[in-house]
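Encoded as structure tokens, the structure appears first; notes follow it.
The values are calculated or read from the model by the stated rules, or taken from the named source; none is laboratory data. What you are looking at is a predicted structure, and each value in this text was computed from that prediction instead of being measured. No Cβ is skipped: glycine too gets one built from the backbone with ideal geometry, and neighbour counts run over all protein chains shown.
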Amino acid sequence: TDLTRGVHPDFMAKEIEQQPEVVAEVMTTWGPSVAGDLWPSFGLQVPRHLTIVGCGTSLHAGRAVAQVTARLGGIPYSAIEASEVATTTTVPGSLAVVLSQSGETADVLRAVDVLHQRGHPILALTNNPHSALARQAQAVMLCQAGPEIGVAATKTFTAQVIGGTAMGLSLLAAARLVDRSAVRRRVAELSGVPDLLAYAIGAARRSVPDLVPALLDSPGFVFLGRGSSRVFADEGALKLKELTYRWAESHAAGELKHGPLALIETGTPVVVLDDGSERLAANIAEVRARGARVISVGPEQATIPARTSTTALARGLDWLGPLETVVGLQVLARELAVALGRDVDKPRNLAKSVTVE
Ligand code: G6P
């Protein structure tokens, strides 16, 4: 394993770049068994409900995965911050899917204890097979991202989403909620994700640098998404605050009028994950009328393009949600942080694995 920066200015840049190969690796490892052996290999019963647990970026990945299993197979779920598990009621018999890149986050391990006391079986999704989480869980799904040095998670996020989606599809096959041939089709579609991410990385590299100068003095950012893009807006806002130390809040676009609109002034950056819907267009028009600087992410004509509208590939992956938009948001956060003189690999106040509750 290459633990050097190589030609990259920092580890974060390298890890953003690695995402297509990481996803390809996840699919090579797990893809062939998704419709068959993968779920049985966990030795778990087929659950009727999922309890998604994690912190920060890992929780966002968990939400993205649970949305896919709900969308395709109707499996209901709740998502709980690890630190809130002890004070939150869980659905009896639910399978806890616990996500942690490091597998050592104290809040996560404490949640595991509580979940065990309540009798929930635990499936861990982690990048570290030797972690405390991996040892304590009943079953482990590895996300195969390779070592991540940058404190802010990038490639482990995409690996968790794709590995988790493979796991979710295997569950849908085992539960007979989706038939095996349809699961195989979904797996084949996932093999197109590396190309989709590679396109998004190139497009972000071309489009983001020109945006940065106008954002250097912006004290705060609003991120908007809706439906399947919401979780990626949340992740983009988290990356931006972790790296730039600027305020960033993420909302469901429809919630704008219920409060956040008061924040919008001339020049306020509003990052919109554009799903092309009319509702969203109305929300965008509203912030524009108040002078916001709208940065759209998604379609070809967006400020930060993430996918070509013409490819069958992009259309075929609608069920996954717009994972590729996160790449543009990672690049935006990193480029702005670099321009502000921040240490993007080691943001202040944060640690790669947080071992205190
Ligand atoms: C830290 C990092 C976050 C990360 C979270 C969860 O707080 O700053 O970026 O998402 O831990 O880490 P884990 O290792 O459990 O995925």
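Laid out as a table, the results:
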read-out	value
Meets criteria (touching a helix residue (DSSP H, G or I) at 6+ places or on another chain (Cβ under 7 Å) and among the acidic types (Asp, Glu)) for Glu249	yes
Residue in the stretch 336-352 that is nearest to Ala153 (Cα to Cα), counting only those that are more than 12 Å from the ligand (Cβ to nearest atom) and charged (D, E, K, R)	Asp345
Pair list, Cβ under 7 Å, 6 or more apart: the stretch 145-158 residue touching a residue at least 40 places away in the same chain (Cβ under 8 Å) and assigned to a loop (DSSP other than H, G, I, E, B), other residue within 8 Å of the ligand (Cβ to nearest atom) and of a type in the set (A, V, I, L, M, F, W, C)	Val151/Leu350; Val151/Ala351
Failed condition for Arg290, given (1) farther than 20 Å from Leu323 by Cα; (2) basic (Lys, Arg); (3) in contact with a strand residue (DSSP E or B) (Cβ under 6 Å, 6 or more places away or on another chain)	(3)
Matching residues, the stretch 108-137, being of a type outside the set (Ser, Thr, Tyr), closer than 14 Å to Ala82 by Cβ and in contact with a strand residue (DSSP E or B) (Cβ under 8 Å, 6 or more places away or on another chain)	Val108, Ala111, Val112, Leu115, His116, His120, Ile122, Ala124, Leu125, Leu133, Gln136, Ala137
Residue check, Glu15 within 16 Å of the ligand (Cβ to nearest atom) and either over 24 Å from Ala237 (Cβ atoms) or acidic (Asp, Glu) (or both)	yes
Hits in the stretch 130-168 - residues which are of a type in the set (S, T, N, Q), crowded, with 23+ Cβ neighbours inside 10 Å and either over 17 Å from the mean Cα position of the chain (by Cα) or away from the ligand (no atom under 14 Å from the Cβ) (or both)	Thr165
Flag for Ile52 being touching a strand residue (DSSP E or B) at 6+ places or on another chain (Cβ under 9 Å) and either within 16 Å of the ligand (Cβ to nearest atom) or under 22 Å from Ala237 (Cβ atoms) (or both)	yes
Test: residue in the stretch 349-356 that is basic (Lys, Arg) and part of a helix (DSSP H, G or I)	no
Failed item, numbered, when Gly202 is tested on (1) surrounded by fewer than 19 Cβ atoms within 10 Å (Cβ to Cβ); (2) more than 27 Å from Glu25 (Cα to Cα)	(2)
Any pair with Cβ under 6 angstrom, 6 or more apart, that starts in the stretch 183-199 at a residue that is in contact (Cβ under 8 Å) with a residue 24 or more places away in the chain and ends at one that is surrounded by fewer than 17 Cβ atoms within 10 Å (Cβ to Cβ)	Glu189/Gly316; Gly192/Leu313
Members of the stretch 188-209 found to be aliphatic (A, V, I, L, M) and in a helix (DSSP H, G or I), listed by number	Ala188, Leu190, Val193, Leu196, Leu197, Ala198, Ala200, Ile201, Ala203, Ala204
Selection status of Leu171, within 15 Å of the ligand (Cβ to nearest atom) and buried (at least 22 other Cβ atoms within 10 Å of the Cβ)	no
Cβ pairs under 8 Å, 6+ apart, first in the stretch 329-353 and at positive phi, second modelled with pLDDT of 90 or more and away from the ligand (no atom under 14 Å from the Cβ)	none
From Ala182, Ala111, residue being modelled with pLDDT of 95 or more, surrounded by fewer than 24 Cβ atoms within 10 Å (Cβ to Cβ) and either under 19 Å from Ile52 (Cβ atoms) or more than 12 Å from the ligand (Cβ to nearest atom) (or both)	Ala182
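For every residue, the table says whether it meets (1) of a type outside the set (Phe, Trp, Tyr); (2) more than 16 Å from the ligand (Cβ to nearest atom); (3) surrounded by 21 or more Cβ atoms within 10 Å (Cβ to Cβ); (4) under 27 Å from Val331 (Cβ atoms).
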| residue | (1), (2), (3), (4) |
| --- | --- |
| Val22 | yes, no, yes, yes |
| Val34 | yes, yes, yes, no |
| Leu59 | yes, no, yes, yes |
| Ile80 | yes, no, yes, no |
| Thr90 | yes, yes, no, no |
| Ala106 | yes, no, no, no |
